[in-house]
Amino acid sequence: MTKRIGGLGTGSVREAVWRVIDRDPSIQHDLSRDLINVRALARYCSKLGIGGTEDAIISSVRRYPAGSRARVQYEAARNVVGQSSLSTKSHIVNIALSKGQDAQDVLPKLFGLVRYEKGETLRIVQGEESIKLLVDERNLPKMLELIPRKIVLNVHKGLAEIDLKLHPKAVETPGIMLVIGSELARNGINMYEIMSCVPEMLIFLDEKDVLDAYRVLFELCHPQNK
C-alpha cells in the first residue's frame, strides 16, 4: 500500500508533483539520467493523493526544472563522494553498555587491550543513556572479562566496517550523508551504525551485506568505471 504524504493536496498539480520529486533524491537522480518511466511516476503521484488527470501530472513531471536547487545540491554532493576511496574490515562486534560510573571506570582499561599498531579497532559512540563499543571480535573475550556484567546491555556479533575516506570538500558540502544513505537504501542495505572522524566516514553493517555495500559504494566513488 502506498503511503499518502501530507501537504500534497494543496496548490496546483505542478507544485504538488514538484514537491514529491524534491523530497526524493532517487527520483531526481533517475530523472536526470532518463531512467524513469514518466507515466509510472505519474501514477505513483496519483496514489500519493495528487489531484488532476494523468496527463496533467505527466506534463508537470516533464517540466520539472533540471537546475532545481534540490537536484543541484544532490549532484554536487554526489560528485564530492565520487572523489573518495574506501576499505573494509570484517569480524567487528558491538558491545552496548549502560552509561554510568562503572562504564566510566572500565573504559580506560579497555584502551590498553587494543593494539593500534596492528590495525585493531576500538570505536566509541556515546548516547544519552548508553555507550557503544565497536571492537575486533578477537578482543571480545578479554574485554568482557573486564566489563562488569551488570552494565552489558547487548553484544552484537557479525558486523563489518566500511571506511569511506572522503574528499576534504565533504565537510562543507550539504547532502553527503543523504547520497550515501540513499544509494545503500536503494539496494536494500541497512546501516547498523554510522559515525564520522573527518575526513573519514565509518559505516557498520551486517557482514552478509558487506560485499553488496562495497560494490554500491565503489561505483559511487568511481563513477568513471561504471
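Every number here is computed from the coordinates shown, using simple stated rules; none is lab data. Computed from a predicted structure; not experimentally measured. Cβ placement follows ideal geometry from the backbone for every residue including glycine, while neighbour counts extend to all protein chains displayed.
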Next item on the list: Please name whichever of ALA160, LEU97, LEU140 sits farthest to the positive end of the charge dipole of the chain, dipole taken about the Cα centre and charges placed at Cβ: Lys and Arg +1, Asp and Glu -1.
Entry: ALA160
Note to self: List the residues, sorted by chain then number, that are 5 or more residues from TYR64 or on another chain and whose placed amide H is less than 5 Å from its amide H.
What the structure shows: none
Item checked: GNM top mover of ALA170, ALA42, ALA213 - the chain, alpha-carbon springs below 10 Å -> ALA42
Next item on the list: Calculate, in nm to one decimal, what MET195 and HIS91 gain on full extension: separation in residues at 0.36 nm each, minus their alpha carbon distance.
Entry: 35.7 nm
Notebook entry, point to check: Where is the GNM fluctuation largest for the chain (alpha-carbon springs, 10 angstrom cutoff): ALA76, ALA56, ALA160?
Noted result: ALA56
Notebook entry, point to check: Given region 168-226, what whole percent of its Cα pairs are spread farther than 18 Å?
Noted result: 33
Next item on the list: Could you calculate the FRET efficiency of GLN126 with PHE218 from 1/(1 + (r/R0)^6), where r is the beta carbon distance between them and R0 is 25 Å, rounded to 0.05?
Entry: 0.20
Next item on the list: Provide the per-residue ³J(HN,Hα) series for region 142-154, in order, calculated from phi with Karplus coefficients 6.51, -1.76, 1.60 and θ = phi - 60°, each as a whole number of Hz, with x at glycine and proline positions.
Entry: 5, 6, 5, 5, 8, 7, x, 4, 5, 9, 7, 8, 6
Notebook entry, point to check: So, with +1 on the Cβ of K and R and -1 on the Cβ of D and E, and no other charges, what is the size of the charge dipole of the chain about its Cα centre, to the nearest 20 debye?
Noted result: 520
Check: Can you pull out the trypsin sites (Lys or Arg not before Pro) in region 10-58 that DSSP calls coil and that have at most 15 other Cβ atoms within 10 Å?
Finding: ARG23, ARG33
Next item on the list: Could you go through region 161-167 in sequence order and give the Karplus-derived ³J(HN,Hα) for each residue, using 6.51 cos²θ - 1.76 cosθ + 1.60 with θ = phi - 60°, rounded to whole Hz, and x for Gly and Pro?
Entry: 10, 10, 9, 9, 8, 7, 5
Next item on the list: Can you tell me the order of 195-201, 205-211 when each peptide is scored by its average per-residue count of other Cβ atoms within 10 angstrom, highest first?
Entry: 205-211, 195-201
Notebook entry, point to check: Between MET177 and ARG43, what is the FRET efficiency for a Förster distance of 25 Å, r being their Cβ-Cβ separation, to the nearest 0.05?
Noted result: 0.25
Notebook entry, point to check: How large is the dipole of region 93-158 about the Cα centre if only Lys and Arg carry +1 and Asp and Glu carry -1, each at its Cβ, rounded to the nearest 20 debye?
Noted result: 160
Checklist line | Added length on full extension, which subtracts the Cα-Cα distance from 0.36 nm per residue, HIS156 to LEU144 | finding: 3.0 nm
Checklist line | region 93-158: relative contact order in percent, alpha carbon pairs under 8 Å with at least 6 residues between | finding: 53
Next item on the list: Round to a whole angstrom and tell me the spacing of the C-alpha centers of region 76-131 and region 27-73.
Entry: 41
Next item on the list: Could you work out, for the chain, what percent of all Cα-Cα pairs fall into each 10 Å distance bin, beginning at 0 Å and stopping at the bin that holds the largest distance?
Entry: 7, 26, 25, 21, 13, 7, 1
Item checked: Set of lysines with alpha-carbon distance to LYS118 below 19 Å, sequence-local pairs under 8 removed -> LYS89, LYS109, LYS142
Next item on the list: Would you kindly calculate the translational diffusion coefficient of region 79-155, applying Stokes-Einstein with the Kirkwood radius from alpha carbon pairs, for 4 °C and a viscosity of 1.567 mPa s, and quote it in µm² s⁻¹ without decimals?
Entry: 95
